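Below is one structure, written out as structure tokens, with a few remarks after it.
Please treat every number below as a calculation from the coordinates, not as lab data. Bear in mind that the values here come from a model prediction, so they are computed numbers and not experimental data. Cβ sites come from the backbone with ideal geometry, for glycine too, and all protein chains shown count toward neighbours.
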Amino acid sequence: MKFYITTPIYYVNGAPHIGHAYTTVAADVLARWKRLEGHEVFFLTGTDEHGQKVEKAAAAAGLDPQSFTDRVAEQFREMTAWMGASNDDFIRTTEPRHKRACAALWQRLAERGEIYLGEYEGWYAVRDEAFYAESELVEGPGGTRLAPSGAPVEWVGEPSYFFRLSAWQDRLLAFYDAHPDFVAPTSRRNEVVSFVKAGLTDLSISRTSFRWGVPVPGDPAHVMYVWLDALTNYITAAGFPDERDELWHFWPADLHLVGKDIIRFHAIYWPAFLMAAGLAPPKRVFANGWWTVEGEKMSKSLGNVIDPHELVTRYGLDAVRYFLLREVPFGNDGSLSHRALINRMNVELANDLGNLAQRSLSLLARHCAASLPALAPPTAEDSALLSAAAALPARVSEALDRVAFSEALEEVWKIVRAANAYIDHQAPWALRSSDPPRMAAVLRVLADALRVVATVLQPFMPGSMGRMLDQLGVPANARDLAALATPLPAGMALPAPQAVFPRFVEDAA
Ligand code: MSP
């Protein structure tokens with residue numbers, strides 16, 4: 001089966017931070033997991049480069065928007081690589097293929113009578129690139145008016161094309177009814193449904209007061225509203241408007257991962273645009289929560305913005321990936337704390353998993369002539385561990401289908417803890433003199449349990465789990481879930497063991 005997953009495309013008004021890296025890693029884990037399951041995966045990420053917000057950032061940097069976006073987009077491309085993302089494409093909205101797709105989508109909407117020319121008068125927040133109704137505004141300091149997000153708003157009055165969003169209210173509600181899983185988590189679904197029930201007004205989809213955008217076909221005085229442009233990236237990358245493109249079969253996307261702040265665009269505007277154009281809406285939109293830093297909002301003014309590259313340099317990529325997905329249930333907000341990260345590294349990675357592997361592998365190296373022992377008829381305890389391990393992939397799969405990363409990891413750690421209890425109880429080091437065949441049998445059970453654990457953890461920690469599978473002698477072409485059904489041959493040579501997760505020792509300085 002095919003699986004198409006996306007991250008939001010990131011605004012290039014500033015450097016990447018941990019909030020961006022977070023969604024990229026989450027999407028990467030799902031993409032890798034689906035590949036491990038044998039699906040045909042298309043994983044897309046990229047940058048959102050038009051609009052006033054980016055135009056202003058370029059001006060502030062003293063650059064023309066194209067040179068500015070070229071520069072910042074490169075930083076996002078690098079972030080994608082540092083975070084170990086296995087994306088199949090990286091889209092930039094300034095690319096010709098994307099402008100072509102935007103124009104084609106616009107034309108389809110226009111041909112179907114979904115667009116009309118009018119005059120927009122109302123509030124706009126550049127920081128959110130969003131229009132707000134008077135009733136949505138909140139009071140800021142000194143009686144100023146702010147967007148509900150806290151962003152400043154300005155009054156805009158200009159000719160504008162509109163999308164007949166109001167006409168889609170009932171059809172959207174029917175769509176949410178028919179697809180109860182379309183928006184998740186449930187709190188976000190409720191938010192979306194009540195927003196739509198409260199009544200939709202037509203949406204302004206073009207601007208005339210600045211130039212940095214995709215020109216409206218046939219009326220170049222207008223540029224397209226940046227959200228119409230941005231959302232279109234998901235079909236551009238699948239080959240739109242060429243429905244014979246070899247990638248088009250990936251549409252509709254199976255999952256858009258987005259931040260909770262941009263759920264309205266993805267769960268209301270986007271399916272409405274698509275249905276209005278006669279295209280299928282995505283299957284699911286899942287909103288993640290926001291990270292604070294040691295409990296404080298991340299902001300340039302507080303100087304606490306976390307650069308993902310620094311974090312990775314300090315702690316290592318896999319530890320950061322693990323922490324981000326283990327620390328908070330996906331969908332909830334979380335606080336990034338160095339103490340919590342170090343704790344998880346030392347307890348769960350170095351101790352629980354790292355030591356288990358190290359102990360098992362060094363006993364195999366020393367006392368089994370560095371080769372894999374044969375499977376012996378299992379005792380009740382052997383069977384209990386082996387059958388729990390065998391059931392693990394299905395449990396992880398079930399959790400990941402719910403986008404519940406932390407639950408998936410908890411399932412893995414149940415096996416890791418069970419294997420630790422098993423090794424302590426069996427004490428293979430003591431069997432060495434009393435019962436060498438039993439020692440070998442115990443080590444084989446441990447190697448098999450570790451193989452399952454390392455296999456299912458690959459999407460989360462590709463580098464270190466690759467090394468663990470190397471040490472377990474698992475051939476590179478036998479690391480997907482299907483390969484677990486075939487036992488490794490007895491007598492297979494095992495390479496010298498090496499610690500996979502060193503303890504993190506804090507600098508005394
Ligand atoms: N360009 C739009 C998305 C267009 S998608 C068609 C955008 N870009 S953004 O760069 O501002 O944000 C991208 C993502 O980063 C959003 O999903 C947002 O929720 C996420 N995050 C930004 N700050 C964050 C945290 N502090 N924590 C977690 N995620 C955060 O919106």
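Among the conditions (1) under 23 Å from the mean Cα position of the chain (by Cα); (2) part of a helix (DSSP H, G or I), the only one that Arg97 does not satisfy is (1). Of the helices (runs of 4 or more DSSP H) contained entirely in region 392-473, those carrying at least 3 residues that are surrounded by 19 or more Cβ atoms within 10 Å (Cβ to Cβ) fall at 405-426, 436-457, 462-471.
Here's a check for you: in region 147-186, which residue that is among the hydroxyl-bearing types (Ser, Thr, Tyr) and in contact (Cβ under 8 Å) with a residue 12 or more places away in the chain is farthest from Pro220 (Cα to Cα)? The selected residue is Tyr176. Does region 302-312 include one or more residues that are in contact with a Gly (Cβ under 8 Å, 6 or more places away or on another chain) and either among the aromatic types (Phe, Trp, Tyr) or more than 9 Å from the ligand (Cβ to nearest atom) (or both)? No, there is no match, as no residue in region 302-312 is in contact with a Gly (Cβ under 8 Å, 6 or more places away or on another chain) and either among the aromatic types (Phe, Trp, Tyr) or more than 9 Å from the ligand (Cβ to nearest atom) (or both). Restricting attention to region 256-301, the residues that are within 11 Å of the ligand (Cβ to nearest atom), over 23 Å from Ala237 (Cβ atoms) and either touching a Pro at 6+ places or on another chain (Cβ under 7 Å) or touching a residue at least 24 places away in the same chain (Cβ under 8 Å) (or both) total 7. Are any of the residues in region 360-373 touching a Gly at 6+ places or on another chain (Cβ under 9 Å), within 16 Å of the ligand (Cβ to nearest atom), aliphatic (A, V, I, L, M) and not in a helix (DSSP H, G or I)? So far as region 360-373 goes, no, none of its residues is touching a Gly at 6+ places or on another chain (Cβ under 9 Å), within 16 Å of the ligand (Cβ to nearest atom), aliphatic (A, V, I, L, M) and not in a helix (DSSP H, G or I). The residue that is surrounded by the fewest Cβ atoms within 10 Å (Cβ to Cβ), counting only those in region 47-66 that are more than 14 Å from the ligand (Cβ to nearest atom) and outside any helix (DSSP H, G or I), is Gly62. If you go through region 316-331 and keep only what is closer than 14 Å to Phe501 by Cα and among the β-branched types (Val, Ile, Thr), you end up with just Val320. Checking Ala26 against (1) in contact with a Gly (Cβ under 9 Å, 6 or more places away or on another chain); (2) assigned to a helix (DSSP H, G or I): exactly one of these is not met. Which one? Tallying (1) in contact with a Gly (Cβ under 9 Å, 6 or more places away or on another chain); (2) assigned to a helix (DSSP H, G or I), Ala26 fails exactly one: (1).
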